[in-house]
1. Would you mind telling me which numbered condition in (1) more than 20 Å from GLY188 (Cα to Cα); (2) surrounded by fewer than 15 Cβ atoms within 10 Å (Cβ to Cβ); (3) at pLDDT below 95 PHE80 fails?
2. Here is a list: VAL137, VAL108. Which entry is in a helix (DSSP H, G or I), aliphatic (A, V, I, L, M), without any contact (Cβ under 8 Å) to a residue 12 or more places away in the chain and touching a helix residue (DSSP H, G or I) at 6+ places or on another chain (Cβ under 9 Å)?
3. Residue check, LEU180 against (1) surrounded by 13 or more Cβ atoms within 10 Å (Cβ to Cβ); (2) without any contact (Cβ under 8 Å) to a residue 40 or more places away in the chain, all met but one. Which one?
4. Among ALA148, ALA156, ALA142, ALA187, which is surrounded by fewer than 20 Cβ atoms within 10 Å (Cβ to Cβ) and among the small types (Gly, Ala, Ser)?
5. Criterion first (within 30 Å of ARG39 (Cα to Cα), within 18 Å of the chain's Cα centre (by Cα) and in contact (Cβ under 8 Å) with a residue 40 or more places away in the chain) does ASN152 satisfy it?
Amino acid sequence: MCFAHDLLAFLAMEAVLLTAILILSVVVHEVAHAWQARREGDPTAERLGRLTLNPIPHLDPMGSFVVPLALHLSGAGFIFGWAKPVPVNPANFRDPVAGDIRVSLAGVVSNLILAVLATLAAAIFVKLAGVLGAAAVFQYLARLAFTAVFINLILAFFNLIPIPPLDGSHVLFHLLPRPLALRYREAGRFGILILMALFFFVPSLFDVLLWPVTALMELAEGFVRLWI
């Protein structure tokens, strides 16, 4: 009975830690959008209190808690979620086209930066495991750091998929001829349904679209092995 209780406590703690990593990652993603929007001349997100690392204004109950916890507890093998989208007004941008692209890609860049920082953290934990002892503790911290790398790479490259309302759709919108671009943007009303349909009926498509995640994870693992 004691062992079962300890196991349940460990699983609960791990779920909380993974959710915390995900929440931090999606909050930084949204703050990056808000920060870049202010640089482009739009104060909308800042006025609405979204230019803050305080997670409360950003959290979406379903995307920030229910979905990631359900994925983790179901043993799906991955964890994903989202925060409330940051409101921006491209009409305020000094350059509406370039500004919209830069604001959209700011979130992706922020997740790539977090992935690099998490890789460095994993390397440090691995090194400390060998130098200071307490290998089990530092190895667990290194595993959490690797999870942070994976989550941030998923967030970065998933958001680059050019299906509205994902960030990549803003880039493609400005590359299309105007009439086609407007119809493309209108399809954003069904973007989530399209993504869900692809996920359930053509899951192999995401293996192709997210191949950089696998490649960069292998690169991160190779870097960390240099510290052993």
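1. (2)
2. Values: VAL108 fails: without any contact (Cβ under 8 Å) to a residue 12 or more places away in the chain.
Answer to the check: VAL137.
3. Against the list (1) surrounded by 13 or more Cβ atoms within 10 Å (Cβ to Cβ); (2) without any contact (Cβ under 8 Å) to a residue 40 or more places away in the chain, LEU180 comes up short only on (1).
4. On the way: ALA148 fails: surrounded by fewer than 20 Cβ atoms within 10 Å (Cβ to Cβ); ALA156 fails: surrounded by fewer than 20 Cβ atoms within 10 Å (Cβ to Cβ); ALA142 fails: surrounded by fewer than 20 Cβ atoms within 10 Å (Cβ to Cβ).
From the options ALA148, ALA156, ALA142, ALA187, the qualifying one is ALA187.
5. Values: within 30 Å of ARG39 (Cα to Cα): yes; within 18 Å of the chain's Cα centre (by Cα): yes; in contact (Cβ under 8 Å) with a residue 40 or more places away in the chain: yes.
Yes.
This table checks each residue for (1) in contact with an Asp or Glu (Cβ under 6 Å, 6 or more places away or on another chain); (2) of a type in the set (A, V, I, L, M); (3) closer than 30 Å to ARG189 by Cα.
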| position | (1), (2), (3) |
| --- | --- |
| ALA123 | no, yes, no |
| VAL131 | no, yes, no |
| THR147 | no, no, no |
| PHE150 | no, no, yes |
| LEU153 | no, yes, yes |
| PHE157 | no, no, yes |
| ILE161 | no, yes, yes |
| PRO165 | no, no, yes |
| SER169 | no, no, yes |
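The values are calculated or read from the model by the stated rules, or taken from the named source; none is laboratory data. Remember, it's a predicted structure, so these values are computed and weren't measured experimentally. No Cβ is skipped: glycine too gets one built from the backbone with ideal geometry, and neighbour counts run over all protein chains shown.
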